[in-house]
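Okay, structure first, notes after.
The values are calculated or read from the model by the stated rules, or taken from the named source; none is laboratory data. Everything numeric here is computed off the predicted structure, so don't read it as measured data. Cβ placement follows ideal geometry from the backbone for every residue including glycine, while neighbour counts extend to all protein chains displayed. The accessibility values were calculated without ligands, DNA or RNA, using every heavy atom of the protein model including side chains. Shrake-Rupley method; radii C 1.70, N 1.55, O 1.52, S 1.80 Å.
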Amino acid sequence: KGMLQHSRASSVEKQPTDINKLVEEFFSLAYHGMRANDPGFNCGMDKQLDTKIPQIKIIPQDISRVILNIFNNAFYAVDERKKSGEKNYQPTVSIKTELKGDKIFITIRDNGKGIAKEIRDKIFNPFFTTKPTGQGTGLGLSISYDIVVKGHGGEIKVDSVPGEYSEFTVLL
């Protein structure tokens, strides 16, 4: 269903949007969504939002979909690591926004399971997922990539060290 909606020609126009407000809203939404599914879920949340970022012309529904997907993946990753029983592990997800020149960087980092180097190049492919059957379609990052790169002329990058962290950077 998500792929069909995404493939349809969008008649929505880009509109000035406060990126900090958007990421804060979806950070909270993703966290509370995770807690609704698992009331015992708990996670540190760190925000570093650059107050100098001006409004940017984007399709807010599309970028919020990207942000929500990455947050959901981050919360899933820290929860999986927590469930592994690692001693003294404190799940943490952070969001950082930064203005560099005329570019806005949105960085989402988690200290979850990380992403193995062998599969890092595949995570933006349609239908590729690391989640168990029934828990992920493999469309989230593929659609996110299309929205950022094709729909907004931006970039989306991933950095990760297995067992330590994953970090996604959306550049607009």
Original post:
Does the stretch 2-16 contain any residue that is open to solvent by less than 20 Å² (accessible area, probe 1.4 Å) and either in a helix (DSSP H, G or I) or touching a strand residue (DSSP E or B) at 6+ places or on another chain (Cβ under 8 Å) (or both)?
Top reply: no
Original post:
What are the pairs, 6+ residues apart or on separate chains, where a residue within the stretch 98-127 that is free of Cβ contacts under 8 Å to residues at least 12 places away in the same chain has its Cβ under 8 Å from a residue that is of a type in the set (Ser, Thr, Tyr) and open to solvent by 60 Å² or more (accessible area, probe 1.4 Å)?
Top reply: 119/130
Original post:
Taking the stretch 17-42 as the search range and keeping residues that are in a loop (DSSP other than H, G, I, E, B) and modelled with pLDDT under 95, which one is least open to solvent (accessible area, probe 1.4 Å)?
Top reply: 41
**OP:** Return the residue satisfying two criteria in turn: it lies in the stretch 80-110 and is open to solvent by less than 40 Å² (accessible area, probe 1.4 Å) and in a loop (DSSP other than H, G, I, E, B), and of such residues it is farthest from residue 159 (Cα to Cα).
**Re:** 89
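Taking the stretch 130-162 as the search range and keeping residues that are part of a loop (DSSP other than H, G, I, E, B), of a type outside the set (Lys, Arg) and surrounded by 13 or more Cβ atoms within 10 Å (Cβ to Cβ), which one is modelled with the lowest pLDDT? Quick ask: steps written out before the conclusion?
Pass one, the stretch 130-162, residues part of a loop (DSSP other than H, G, I, E, B): 130-139, 153-154, 162.
Next, only the ones that are of a type outside the set (Lys, Arg) stay: 130, 132-139, 153-154, 162.
Now narrow it down to the ones that are surrounded by 13 or more Cβ atoms within 10 Å (Cβ to Cβ): 130, 136-139, 154, 162.
Working: 130: 65, 136: 57, 137: 53, 138: 49, 139: 62, 154: 95, 162: 93.
Step by step, filter the stretch 130-162, then rank; the result is 138.
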Subject >> Hits in the stretch 1-16 - residues which are at pLDDT 90 or above and polar (S, T, N, Q) >> reply: 15
Subject >> In the stretch 48-63, residue nearest to the chain's Cα centre (by Cα) [restricted to those that are in a strand (DSSP E or B) and either among the polar types (S, T, N, Q) or loosely packed, with under 13 Cβ neighbours inside 10 Å (or both)] >> reply: 48
Subject >> Unmet requirement for residue 127, which otherwise passes all of (1) under 21 Å from residue 27 (Cα atoms); (2) among the hydrophobic types (A, V, I, L, M, F, W, C); (3) modelled with pLDDT under 90 >> reply: (1)
Subject >> Cβ-Cβ under 8 Å pairs, at least 6 apart or on other chains, the stretch 25-44 side of a type in the set (A, V, I, L, M), far side open to solvent by 30 Å² or more (accessible area, probe 1.4 Å) >> reply: 29/68; 30/68; 30/72; 34/72; 34/76
Original post:
Under the condition of being farther than 23 Å from residue 64 by Cβ and not polar (S, T, N, Q), which residue from the stretch 160-172 is nearest to the chain's Cα centre (by Cα)?
Top reply: 165
**OP:** Determine the pairs where a residue that is hydroxyl-bearing (Ser, Thr, Tyr), located within the stretch 145-172, has a partner that is open to solvent by 30 Å² or more (accessible area, probe 1.4 Å) and assigned to a loop (DSSP other than H, G, I, E, B) with Cβ atoms under 6 Å apart, the partner being 6 or more residues away or on another chain.
**Re:** 145/124; 165/111
Original post:
If you go through the stretch 72-79 one residue at a time, do you hit one that is of a type in the set (D, E, K, R), surrounded by 18 or more Cβ atoms within 10 Å (Cβ to Cβ), at pLDDT 90 or above and assigned to a loop (DSSP other than H, G, I, E, B)?
Top reply: no
